[in-house]
Amino acid sequence: VGCIGNSVHEALLKSLLSVGFTLPKKGILLSTGTIKTKADLLESIRKLNGKNALYATAGTHDFLLLNGIETIKVHWPSSSEEPNAIKLMQQGKIDLVINIPKSNEEKELLNDYAIRRTAVDFNIPLMTNAQLAKLFIDAYTENKTLEIKEWGEY
């Protein structure tokens, strides 16, 4: 969906909302892939601090903690340890999943698949692209009201 806004952030939010995407009100699950992706998303994630509960898988949790961002550490779907990413989604505690692939290892692929599948099954917005996640977080944290204008006003 293409939408027009006063900025790329406004246009992105309008396009996401127009297809039924809901803005997070509770918790955001972060599983941010490689160290490069984690670093690329760091400043954007910093903007989320205090806006929503932040849940993160082990590697992301450790990286964010080293960079001064507190998260609730969650365990992979294949783990019996709690809190478990799948159970948190099933319980309605997470209303946005950012799951960026890290590697092609079987364990990674299976856990990532389980997280994404559960997000889809429970109608939880899901982002699997770091550039989109970064742009969305920046747009979401701007706290601007989305204006509705006629075409000619742009």
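Summary of computed values
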item: Mean Cβ neighbour count within 10 Å, used as a protection proxy, ranking 102-108, 127-133, 148-154, 51-57 highest first; result: 51-57, 127-133, 102-108, 148-154
item: Reach of Lys87 by Cα under 15 Å, taken over aspartates and glutamates that are not fewer than 8 positions away in the same chain; result: Asp95, Asp112, Asp121
item: Cα centroid of segment 20-82 to Cα centroid of segment 84-154, whole Å; result: 11
item: Per-residue ³J(HN,Hα) for segment 81-89, Karplus 6.51 cos²θ - 1.76 cosθ + 1.60, θ = phi - 60°, Hz, x for Gly and Pro; result: 6, 10, x, 10, 3, 5, 5, 4, 5
item: Of Lys14/Lys102; Lys38/Lys144; Lys14/Lys38; Lys25/Lys93, pairs whose Cα-Cα distance is over 21 Å; result: Lys14/Lys102; Lys38/Lys144; Lys14/Lys38
item: Per-residue HN-Hα couplings for segment 52-59 [Karplus 6.51, -1.76, 1.60; θ = phi - 60°; Hz; x = Gly/Pro]; result: 9, 5, 10, 10, 8, 5, 3, x
item: Amide H contacts under 5 Å for Met127, placed H, 5+ residues apart; result: Val97, Ile98, Asn99
item: Estimated 222 nm signal from helices in the chain, with DSSP H stretches of n ≥ 4 weighted -39500 (n - 2.57), rounded to 500; result: -13000 deg cm²/dmol
item: Table column - 3J(HN,Hα) (Hz), segment 30-42, Karplus curve with 6.51, -1.76, 1.60, x for Gly and Pro; result: 10, 9, 9, x, 5, 4, 4, 5, 4, 5, 5, 8, 3
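Bear in mind that the values in this text are calculations on the coordinates, not laboratory data. Remember, it's a predicted structure, so these values are computed and weren't measured experimentally. We place every Cβ from the backbone using ideal geometry, glycine too, and count neighbours over all the protein chains shown.
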